[in-house]
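**Q** Quick one: this structure, given as structure tokens, is what I'll be asking you about.
Coordinate-derived values only; no laboratory data. Small disclaimer: the values here were computed from a predicted structure and weren't measured. Because the Cβ atoms are built from the backbone with ideal geometry, glycine has one as well, and the counts that use them run over all protein chains shown.
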Amino acid sequence: MDLTAINPSLLVASLMVAAVPILLAAIGELVVEKAGVLNLGVEGMMVMGAICGFVAAVATGSPVLGFVGGAAAGAALSLIFAALTQFLLANQVATGLALTLFGLGLSALIGQGYNGIKPPLSGDVPLGPLADIPLLGTILFRHDAMVYLSIAVIAAVWAMLKYSRAGLVLRAVGENHEAAHALGYKVVRIRVLAILFGGAMAGLGGAYISLIRVPQWTDGITAGAGWIALAIVVFASWRPWRVLIGAYLFGGITVLQLNLQAAGARIPVEYLSMSPYLITILVLVIMSSGRGRASTAAPASLGQHFHASR
Amino acid sequence: MLRLEKRPNPSRGWTAATPVLAVALTMIAGGIMFAALGKNPFEAIRIIFWDPLFNPQFASYSRPQLLVKAAPLILIAVGLSLGFKAGIWNIGAEGQYIMGAIAGAGVGLAFYPAQGWYIFPLMVLAGGVGGWLWAMIPALLRTRFATSEILVSLLLVYVAQAILASMSLGLLRNPEGGGFPGSRNLAQYPAAANPELIGGSGVHWGVVAALVAVIATTILLQRHILGFQVRLAGQAPRAARFAGVSPNRLVVLCLGISGALAGLAGLFEVAGPAGQISIDFGSNYGFTAIIVAFLGRLNPIGILLAGLLMALTYIGGELSQFLLGLPAAAIQAFQGMLLFFLLALDLLSNYRIHWTARGGR
Amino acid sequence: MQGEAMAELLAVEGLTKTYPGVVANQEVSFTIKAGEVHALLGENGAGKSTLVKMIYGLVRPDAGRMRLRGAAYAPAEPRAARAAGVAMVFQHFSLFEALNVAENVALGMENPPPMGALAARIQQVSDAYGLPLEPERRLGDLSAGERQRVEIIRCLLQDPKLLIMDEPTSVLTPQEVETLFRTLRQLAAEGTAILYISHKLEEIRALCDTATILRRGRVVTICTPAERSARELAELMVGEALTAPARRDRPRGAVALEVRNLSLPSPMAFGTALAGISLTVRGGQVLGIAGVAGNGQDELLLALSGEIGSAPGTIWVAGTDLAQAGPNARRRAGLVTAPEERLGHAAAPDMTLVENALLSGAARKGLVARGFIDWPKARAFAEAVVQRFDVRTPGVGVAARALSGGNLQKFVIGREILQDPAVVVVNQPTWGVDAAAAAAIRQALLDLAAAGAAVVCISQDLDELLEIADDFAALNGGRLTPTRPVQGLTIDQIGLMMGGAHGLEVAHHGL
């Protein structure tokens, strides 16, 4: 095993890239869960974003439109979830699962004939001399636009939740939807908006996988990224900046194990490839066992039905 | 505008009608989807639902396949439905299915090439235990650490798939297989095989097990106190505590039963229709079983019918692939749609819909 | 309170509201003056909350008028009421535990100022009125009394002319009650009128200028509380002269239930921990435990039913230590309970009466044999309950939620009584139940005691306790006063016990 073949600054740079899809999906789901809704359909929305983004990019030749298409597809799929859970009072867990299954099937359907095609490439953002700084340059300044955008989204969500009226109301709805309703806030409307945002983010993350990270389309290209994103929301105790840390951590493990495989590590490939999932489980256990549910800041209304009885 | 009003009594009529209605709506929506793909919708629906059963050209092949495909779905879904009824979400049945297969196959291959009546029963036991153990991980993590069983059981599916790959390439690899991944073919090893019991019917031990599971669960839910506790815990958790139900015990039991049944399904599959442990052994039965469980309204008889229906869509789907060039993914989307419609219609049994004039109080 | 005549603020004339089957308010009329502290007094079901909902705009009256400062007043929703200067602090708070004080206040306001300015305002107002609060503190860390301050400050920041308070002291310690009263007096001195809804007769006599007493939806009288004794007020509320309960000559059996120094943290977020509770009940005895909601009743019932385990040696039934036993073990030992919440706790709303009979009766009525349910037997049990307790229902196959409140309560209590227990503990047995059903339930409990069982009745309804209990104790802030025989107990003493004096050493002069 030749560990010197692993370049640390490249490693960090590549982990930032690997983390983007999960990061986007996780921050989207964080907003949804802060509003009190558990949407397990993240995987379905991501894969739909992946294929629709891919198709849009190939059809128009523009990666930007590809991303827009991916976000739109994720949002559209999440609309089904919103309709079922907020208006038809369907069970959130079952509906989320249905969303994932449907998304996986529909995306494979749409993706017929797109296997092996190369999408229009997005280059890195030209940052001139900054990109040439040794070590830091590679890590920070040689990325495509989405990497920077994803960090910007985290900052925006954090600011909105902490400082804005809309963010306050969203948090209130997630904490105690009965009280929010009693105070006159439109619980259902707020939740639907949050769900759409979550869908758009998941779709965006999925599009990133098919347009930049891989970049091409195969069935099931997301490989469980949506589920990891859900776990990261728990890991982050529903705090936006911690989502960043969690996503980078997970991205780091993924990239590290790939590098180890490439460097000829003696550990069998399969064990390396299951390590990210095992570590996620470990993290979940630590988070949930630690200080009890109240301190882990789970929104108190998470997953509960809201039916205005007035 | 629409207003929902909770019914004083759940409507029996609607509870029975919703699955039928959901199937009908899905056929319509699915037909639209097929038309969008450029296929004649009526022909597609006919090929999927009618031909496998009744078309003389295909039925003799397809009909036995119905039971083969339905058995694992029913077996797993029955186990899942117990947990779902109680609000315990085992999403990782696919992983338990795989681990049961690996455990059972491992035991069988350990005996190779010996012959003996005891080998197959031991494999069955190992399969059940393997699935049960894999489900105990999320169970214990939930009872001791309050960790979400949804996420843990799901993540373990990926771990199970990695273990499957490792086994196919390593420990369980067929030494006489010319270096190719995959275990010895168990279906050809008589002491370990799960053969067709009645020629041409597709019935194997897995089918028998599925039937037994349906009957046992029906009795459990209707006549046994555990079944009552499961229903109570899902409907009214405070009342369940009042009645003396221990939530932790229920979690361990429900996850354990569903894990064991999924493991059994895996064993019957690997020793029968699939034949060997290979990298692509997992065929998503564990996930499709979730749809079957809901489609059957978490009721064992319902699940029996729903499993048969789902199996029909699989076989019909293969047929349509063959005859119409319809992609396999279309069937998956179709199945997802079915679940959507069912969930959407579900509220009709518990709520009445009113049209009121705006501003009424 | 003040020398010069006070201006009329709110005039209510002939307010009437009916719901299907019940007249909530009938021709209610009274006036509140600016700067007056006006009490609204009445028992459960007297119509207080409906009346107040009409004033606050949550409900529209069927007939009658209201005038606010001379102008017609008919709010279509709470927002309109708030805009007109009417604010309300509910009994059940609309607060968000994970958010801080400033955020909670902001959510209750129409157009809150930016956080920095708001925090300063909160600080200012809270200091001015003696309700110290730090804007940065998380709500979940505050005590019930402090949370109420947040609700009050939320109201005060909107400059109300009329402040309505619904049962404000049910969650307060004696010191917090004092603080609250000081604040209210200060507000009144500044011209704000206060409409004060309460059960607590002593407090009303201490705080309020005027009291409107409601009974069965009608105004019985409007009087000055300070001029009446607590007993007179109680009698006006209840409508009849309260006679001392007749001598009971039921023979006392052996000790059936004993609780020794039970202390327990509350499993609920807003709950009250139990502290050092001790009581003894004998066969044939009825022990009444009084206390307004929020003082530990739910927790006590959970501890007795076995849904929460307690420290070994704290709960004894007929000489057996049951502190760590679960609900069914306790049932087998002869201890049965009936929780306050009919739908969701005592009974599963979507299950049939047969299934609900099985829920609690399985252990004592032998409804389960080797794990298998004997449905015919369960059905027979349910039918027996329905028959014996006159439960109006189309049959035992209907869901629990289809029954009316009174009928379901008869079923729930009857189910426990028909199990032939040695000890039965009930929590609010006639809450929200019509008079006929309430009478039937109380009689059933008395009959059970006459047959030799021990009965513990936890209730907010003094009337009920005086009627059926032999002995009396009050639950206050998680503590239980020593037990006293009901005979010879005066209303004043009872009020004191419920009001927070632990033990009756507190002098009661001048009351």
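**Q** So what's the gap between the Cα centers of the stretch A:195-247 and the stretch B:57-124, to the nearest angstrom?
**A** Centre-to-centre distance over Cα atoms comes out at 33 Å.
**Q** Give, rounded to the nearest 20 debye, the magnitude of the charge dipole that the stretch C:8-238 has about its Cα centre when Lys and Arg contribute +1 at Cβ and Asp and Glu contribute -1 at Cβ.
**A** Dipole of the stretch C:8-238, to the nearest 20 debye: 620 debye.
**Q** Also, quick follow-up: If you take every residue apart from C:I213 with its C-beta less than 11 Å away from the C-beta of C:I213, what net charge results, scoring Lys and Arg +1 and Asp and Glu -1?
**A** Computed value for this residue: +1.
**Q** If you don't mind, another one. Cut-off 18 Å, label point 7 angstrom out along Cα-to-Cβ of A:Q216: give me the residues of the stretch A:24-50 whose amide nitrogen falls inside.
**A** So the set is A:50.
**Q** Gaussian network model of chain A, Cα springs within a sub-10 Å range: biggest mean-square fluctuation belongs to which of A:A73, A:A98, A:A179?
**A** A:A179
**Q** Right, something else. Which whole-Hz ³J(HN,Hα) couplings does the stretch B:329-345 yield from phi under the Karplus relation 6.51 cos²θ - 1.76 cosθ + 1.60, θ = phi - 60°, glycine and proline marked x?
**A** Working through the residues one at a time gives 4, 4, 5, 5, 4, 4, 5, x, 4, 4, 5, 4, 4, 5, 4, 5, 7 Hz.
**Q** Please give the residues of the stretch A:149-174, grouped as numeric ranges, whose backbone N is less than 15 Å from a label point set 7 Å along the Cα-to-Cβ vector of C:A83.
**A** The answer is none.
**Q** What whole-number distance in Å separates the alpha-carbon centres of the stretch B:235-274 and the stretch C:65-115?
**A** If you average the Cα positions of each part, the centres end up 49 Å apart.
**Q** So, one more: Towards the positive end of the charge dipole of chain C, with charges on Cβ (+1 Lys, Arg; -1 Asp, Glu), say which of C:A206, C:G64, C:V396 has the farthest Cα.
**A** Towards the positive end, the residue furthest out is C:V396.
**Q** What ranking do A:T222, C:T337, C:T210 get, fewest neighbouring Cβ atoms within 10 angstrom at the top?
**A** Ranking A:T222, C:T337, C:T210 by Cβ neighbours within 10 Å, fewest first, gives C:T210, C:T337, A:T222.
**Q** Put +1 on the Cβ of each Lys and Arg and -1 on the Cβ of each Asp and Glu in the stretch C:255-499; which of C:L466, C:L301, C:G361 then has its Cα farthest toward the positive end of the dipole?
**A** About the Cα centre, the residue reaching furthest to the positive side is C:G361.
**Q** Looking only at B:A191, B:A271, B:A139, which one moves most when chain B is put into a Gaussian network model with springs between Cα atoms under 10 Å?
**A** B:A191
**Q** Note down the relative contact order for chain C as a percent, whole number, built from C-alpha pairs under 8 angstrom at least six residues apart. Show your work: numbers first, answer last.
**A** Numbers: 1033 pairs, mean separation 74.0, N = 511.
Reported relative contact order: 14 percent.
**Q** Let me know the mean shielding of C:94-105 by other chains, meaning the per-residue number of their Cβ atoms within 10 Å of its Cβ. Present the calculation step by step, with values, prior to reporting the outcome.
**A** Details: counts 9, 5, 13, 5, 11, 5, 0, 0, 1, 3, 5, 0.
Mean shielding by partner chains, rounded to a whole number: 5.
**Q** Looking at chain A as a GNM with Cα springs under 10 Å, which of A:L40, A:L258, A:L15 has the largest mean-square fluctuation?
**A** For chain A, modelled as a Gaussian network with Cα springs under 10 Å, the answer is A:L258.
**Q** How far, in degrees from 0 to 90, does helix B:225-235 lean away from the longest principal axis of the Cα atoms of chain B, to the nearest 10?
**A** 50 degrees
**Q** Further, regarding this structure: Tilt of helix B:149-169 relative to the longest C-alpha principal axis of chain B, in degrees (0 to 90, nearest 10)?
**A** Roughly 20 degrees, rounded to the nearest 10.
**Q** Spin-label point model (7 Å from Cα, Cβ direction): what's the C:A329 to B:L305 distance in nm?
**A** 4.5 nm
**Q** What is the mean projected area of the alpha carbon convex hull for the stretch B:66-326, to one decimal in square nanometres?
**A** Numbers: hull surface 59.4 nm².
Hull-based average projected area comes out at 14.9 nm².
**Q** Continuing with the same structure: Quick check: the angle from helix B:285-295's long axis to the longest principal axis of chain B, C-alpha only, nearest 10 degrees?
**A** For helix B:285-295, the angle is close to 30 degrees.
**Q** Of B:Q115, A:L196, C:S229, which is farthest along the charge dipole of the protein assembly as shown in the positive direction, counting Lys and Arg as +1 and Asp and Glu as -1 at C-beta?
**A** After comparing all options, I get B:Q115.
**Q** Between the stretch C:154-225 and the stretch C:325-391, what's the alpha-carbon centroid distance in Å?
**A** After rounding, the separation between the Cα centres reads 43 Å.
**Q** Could you give the dipole magnitude of the protein assembly as shown about its Cα centre, charging the beta-carbon of Lys and Arg +1 and that of Asp and Glu -1, in debye to the nearest 20?
**A** Value, rounded to 20: 1300 debye.
**Q** Write down the percent of antiparallel bridges among all DSSP beta bridges whose residues are both part of the stretch C:8-238, to the nearest 5.
**A** Counting DSSP beta bridges with both partners in the stretch C:8-238, the antiparallel share is about 55 percent.
**Q** Further, regarding this structure: Rounded to the nearest 0.05, what FRET efficiency is calculated for B:I219 and C:D159 with R0 set to 60 Å and r the Cβ-Cβ distance?
**A** 0.35
**Q** Cut-off is 10 Å between beta-carbons; in what order do B:I279, A:I22, A:I51 appear when sorted fewest neighbours first?
**A** Lowest to highest Cβ neighbour count: B:I279, A:I51, A:I22.
**Q** Now for a different question. At 222 nm, what value in deg cm²/dmol follows for the protein assembly as shown if DSSP H runs of at least 4 each add -39500 (n - 2.57) and the sum is divided by all its residues, to the nearest 500?
**A** -17000 deg cm²/dmol
**Q** For the pair A:A156 and C:D420, what calculated FRET efficiency results from E = 1/(1 + (r/R0)^6), where r is the Cβ-Cβ distance and R0 = 56 Å, to the nearest 0.05?
**A** Rounded to the nearest 0.05, the efficiency is 0.25.
**Q** What is the order of C:R282, C:R331, fewest Cβ neighbours within 10 Å to most?
**A** C:R282, C:R331
**Q** Taking every DSSP beta bridge with both residues inside the protein assembly as shown, roughly what % is antiparallel (nearest 5)?
**A** Antiparallel: roughly 55 percent of the beta bridges in the protein assembly as shown.
**Q** Right, next: Hey, what do the phi angles of the stretch A:240-246 turn into as Karplus ³J(HN,Hα) couplings, whole Hz, using 6.51/-1.76/1.60 and θ = phi - 60°, x for Gly and Pro?
**A** x, 5, 5, 4, 4, 4, x
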